[in-house]
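Report on one structure; see the data block that follows.
The values are calculated or read from the model by the stated rules, or taken from the named source; none is laboratory data. Owing to the predicted nature of the structure, the values given are computational and were not obtained by experimental measurement. Please note: Cβ atoms are built from the backbone with ideal geometry, for glycine as well, and neighbour counts cover all protein chains shown.
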Ligand code: ADP
Ligand code: MG
């Protein structure tokens, strides 16, 4: 038996939408503490894969295990969330009318503690944890401002902070650099790198400059037509003939 502490194991996953195979015999193994980048052309099935992990979409067949003990296919979306699988969608979903700090507090308290979070007494540990997260996501100065007043990039960082507040064991981050300035993208990379090791993170991304920034010495997975086309160090993946053809080739044609 393997001694590697796998956090997530997907085997032979399949998912069709009206006969179209969005996920096709997908095999994917993630070790605890990894920062894994998943790339692939539009429609490759990247977001659908996250939907399968979080229970938003059910596969037609295959298996999906968490911590080598939990069969995710037997759990509903809320149960999966409670296991510690947190997700950041492409568009930020923060509470605009609440302050940055309140947004973090809502996540700290969890879905059952909203009333308490806003009107109850805040414990010292919660204060300390919020300060720590605010520092990590570089929003200390904006803590008392409404989340709605944040720049696009800052909202994305707040959302990553909310995953940290949830104590997510696995952070799923879908295209964080979309719509960001170059500087925001760079800082997002630094943030994700600072979390690597302490957390396990899957980042889906298109921007190759960003991918290179966060995947030095790490594994990159290339998805194509719902299947893993290639996996390995970023240089190997970028120079792979098949990847150049389906991913980079197609991208330059589209540009
Ligand atoms: P990616 O995130 O890699 O761009 P997606 O996972 O969003 O790709 O989509 C993969 C394919 O599955 C696309 O062709 C998309 O249109 C299709 N698809 C995804 N979700 C649905 C759905 N709920 N209903 C029908 N088709 C879907
Ligand atoms: Mg997508």
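For the condition within 16 Å of ligand 2 (Cβ to nearest atom), part of a helix (DSSP H, G or I) and touching a helix residue (DSSP H, G or I) at 6+ places or on another chain (Cβ under 7 Å), what is the one hit in 237, 222, 211? Full working, then the answer.
Values: 237 fails: within 16 Å of ligand 2 (Cβ to nearest atom); 222 fails: part of a helix (DSSP H, G or I).
Of the residues listed, the single one that is within 16 Å of ligand 2 (Cβ to nearest atom), part of a helix (DSSP H, G or I) and touching a helix residue (DSSP H, G or I) at 6+ places or on another chain (Cβ under 7 Å) is 211.
Of the numbered conditions (1) away from ligand 1 (no atom under 15 Å from the Cβ); (2) at pLDDT below 95, residue 43 fails exactly one; give the number of that condition.
(1)
Quick check on the stretch 25-40. Is at least one of its residues away from ligand 2 (no atom under 16 Å from the Cβ) and on the phi > 0 side of the Ramachandran plot?
Checked against the condition, which is being away from ligand 2 (no atom under 16 Å from the Cβ) and on the phi > 0 side of the Ramachandran plot, the stretch 25-40 yields at least one hit.
Name every residue in the stretch 169-197 that is within 14 Å of the chain's Cα centre (by Cα) and either assigned to a helix (DSSP H, G or I) or within 18 Å of residue 135 (Cβ to Cβ) (or both), in order of residue number. Walk me through how you get there before you give the answer.
First pass over the stretch 169-197, keeping only residues within 14 Å of the chain's Cα centre (by Cα): 169-178, 188-189, 191-193, 195-196.
Answer for the stretch 169-197, where residues must be within 14 Å of the chain's Cα centre (by Cα) and either assigned to a helix (DSSP H, G or I) or within 18 Å of residue 135 (Cβ to Cβ) (or both): 171, 188, 189, 191, 192, 193, 195, 196.
Suppose we filter the stretch 25-77 for residues that are outside any loop (DSSP other than H, G, I, E, B), surrounded by 16 or more Cβ atoms within 10 Å (Cβ to Cβ) and in contact (Cβ under 8 Å) with a residue 60 or more places away in the chain; how many remain?
Of the residues in that region, 15 qualify.
For residues that are under 23 Å from residue 30 (Cβ atoms) and at pLDDT 85 or above, tally how many sit in the stretch 73-106. It would help to see each step written out before you state the result.
Pass one, the stretch 73-106, residues under 23 Å from residue 30 (Cβ atoms): 73-90.
Now narrow it down to the ones that are at pLDDT 85 or above: 73-87.
Number of matching residues: 15.
If I ask for residues that are surrounded by fewer than 19 Cβ atoms within 10 Å (Cβ to Cβ) and either over 19 Å from residue 170 (Cβ atoms) or without any contact (Cβ under 8 Å) to a residue 12 or more places away in the chain (or both), which ones from the stretch 2-24 would you list? Spell out how you get there, then give the answer.
Filtering the stretch 2-24 for residues surrounded by fewer than 19 Cβ atoms within 10 Å (Cβ to Cβ) gives 2-6, 9, 11-12, 14, 16-21, 24.
Of everything in the stretch 2-24, those that are surrounded by fewer than 19 Cβ atoms within 10 Å (Cβ to Cβ) and either over 19 Å from residue 170 (Cβ atoms) or without any contact (Cβ under 8 Å) to a residue 12 or more places away in the chain (or both) turn out to be 2, 3, 12, 14, 16, 17, 18, 19, 20, 21, 24.
Counting only residues that are more than 13 Å from ligand 2 (Cβ to nearest atom) and over 19 Å from residue 139 (Cα atoms), which one in the stretch 166-178 is surrounded by the most Cβ atoms within 10 Å (Cβ to Cβ)?
170
Can you work out which of the residues in the stretch 198-208 that are in contact with a helix residue (DSSP H, G or I) (Cβ under 9 Å, 6 or more places away or on another chain) and outside any loop (DSSP other than H, G, I, E, B) is surrounded by the fewest Cβ atoms within 10 Å (Cβ to Cβ)?
Narrowing the stretch 198-208 to residues in contact with a helix residue (DSSP H, G or I) (Cβ under 9 Å, 6 or more places away or on another chain): 199, 201-208.
Now narrow it down to the ones that are outside any loop (DSSP other than H, G, I, E, B): 199, 201-204, 208.
Values: 199: 22, 201: 25, 202: 24, 203: 25, 204: 24, 208: 14.
Looking at the filtered set, the residue picked out is 208.
Looking only at the stretch 25-35, which residues are away from ligand 1 (no atom under 15 Å from the Cβ) and under 25 Å from residue 193 (Cβ atoms)?
29, 30, 31, 32, 33, 34, 35
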